[in-house]
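The values are calculated or read from the model by the stated rules, or taken from the named source; none is laboratory data. None of these values were measured; they are calculated from a predicted model. We place every Cβ from the backbone using ideal geometry, glycine too, and count neighbours over all the protein chains shown.
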Amino acid sequence: MRASIMLSAFMNLLQGEPAGGVVWTADITYWMAGEEAAGRGDPAWETETGHLELHRRLGIMPYYYYPKFWTAEARYPKDIRRSSESKGNDTVCRIETPLGVLTEVNTYLPTSVSTGCTKHYVRSEHDLDILLYLLEQRRLEPANLTDFRDRMHAWMEYDGYPSIGLPRSPISSFVYEWAGIEQATYLLLDHPDRVGRILDLLEQQEQPIIDAVCAMEPPLVHFPDNLTSDNFTGLYDKHMGPAHVRRLERLHSAGIKAVVHLDGTIRGLLPKLVGSGFDGVEALTPAPVGDVDVDEIQDLAGSTQVILWGGVPGAMFSPPYTWFDMQRHVEQVLECWEGRPFVLGVADQVPPDGDISFCRKVAEMIRSGG
């Protein structure tokens, strides 16, 4: 099956060739969640085909699909028990081990149709010891890879490429999945040896996943590290960059391209990520929401080869912004990034109160040439 125009342009970008057209993509899963919470969801969206059909109607390249996104699944021995229970808007998750119990609380906020972690598993030195024991017993197994080639073929009909994500990099995993940025920073400063051992374990455990991905040789994989310069710039050179470089060397040797998710502030991290060898940096959020203007981003990137991916703040889909504001902004992005590799994308997601018709209108702008 022949790839259509937008997918062909996307694949050209990955091969370092002129795109031959503008790629326009958007993560609309948050907007879909809002529609479902309001009783306006379409049951078809719960299927992969329905997800793809919606993207086709909106004129965006399908890429973001989370039910089959993660390429790793954690396995624990019998003496480690995991459970969760709902208490109102809270979901309490427990991991019981011979050394003690780790507890996490996630809170659903109906107004914003979002869930946030309000208590992380690791909050003390003792919790750190429990986590170390837990990870020593854990292993990661490949997931969502056996049918990936078939899914790629099916997605071509919709001008799309199904995203797949590696495990979060070690320091990103420690921050987001276990300790939170504040406590992770304190623990890193107060107990560098133990946290270092945890980071080493996390990197060791990802090796079977990297092996499986390299054997499959997909065109592109995602680093879902959810980065922002505010949190990670000072940690990058010592605690994140070297792990990124080691992963990228493995992937590139197998002919696999990689993009990393930078959906927060840009200024501190973008040059470092480019220097580590990423082929693209995704979810770049400029002003009026982010910390840099559109025309600054390529100067910060330095390299004219790295794919700039994003440029359209999700907040601009919502009031007080209008279609006139969005149109002017998209025109600016297209003008500033013309002549270099880029994917025009929503950064980071279309919100529940966003005007989804803007997606189709941007697609029409691109098709008409302005």
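Could you list all residues from the range 293-323 that are in a loop (DSSP other than H, G, I, E, B), modelled with pLDDT of 95 or more and either surrounded by fewer than 15 Cβ atoms within 10 Å (Cβ to Cβ) or polar (S, T, N, Q) (or both)? Break it down into steps so the answer makes sense when it comes.
Our first condition is that a residue be in a loop (DSSP other than H, G, I, E, B); within the range 293-323, this holds for 293, 302-306, 318-322.
Pick out the ones that are also modelled with pLDDT of 95 or more and you get 293, 306, 318-322.
Within the range 293-323, ASP293, SER318, PRO319, PRO320, THR322 qualify.
From the list ARG168, ARG149, which residue is buried (at least 18 other Cβ atoms within 10 Å of the Cβ) and out of contact with any Gly (no Cβ under 8 Å at 6 or more places or on another chain)?
Sole residue among the options that is buried (at least 18 other Cβ atoms within 10 Å of the Cβ) and out of contact with any Gly (no Cβ under 8 Å at 6 or more places or on another chain): ARG168.
Yes/no per residue for (1) in a loop (DSSP other than H, G, I, E, B); (2) surrounded by fewer than 17 Cβ atoms within 10 Å (Cβ to Cβ); (3) touching a residue at least 40 places away in the same chain (Cβ under 8 Å); (4) among the basic types (Lys, Arg):
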site: MET6; (1), (2), (3), (4): no, no, yes, no
site: LEU13; (1), (2), (3), (4): no, no, yes, no
site: ALA19; (1), (2), (3), (4): yes, no, yes, no
site: ASP27; (1), (2), (3), (4): yes, no, yes, no
site: TYR30; (1), (2), (3), (4): no, no, yes, no
site: ALA33; (1), (2), (3), (4): no, no, yes, no
site: GLY41; (1), (2), (3), (4): yes, yes, no, no
site: HIS51; (1), (2), (3), (4): no, no, no, no
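Among the listed residues THR47, THR118, THR107, THR111, which satisfies the condition of being loosely packed, with under 11 Cβ neighbours inside 10 Å and either at pLDDT 95 or above or at negative phi (or both)? Explain how you work it out, then say what you get.
Details: THR47 fails: loosely packed, with under 11 Cβ neighbours inside 10 Å; THR118 fails: loosely packed, with under 11 Cβ neighbours inside 10 Å; THR107 fails: loosely packed, with under 11 Cβ neighbours inside 10 Å.
Result: THR111 is the single residue among THR47, THR118, THR107, THR111 that is loosely packed, with under 11 Cβ neighbours inside 10 Å and either at pLDDT 95 or above or at negative phi (or both).
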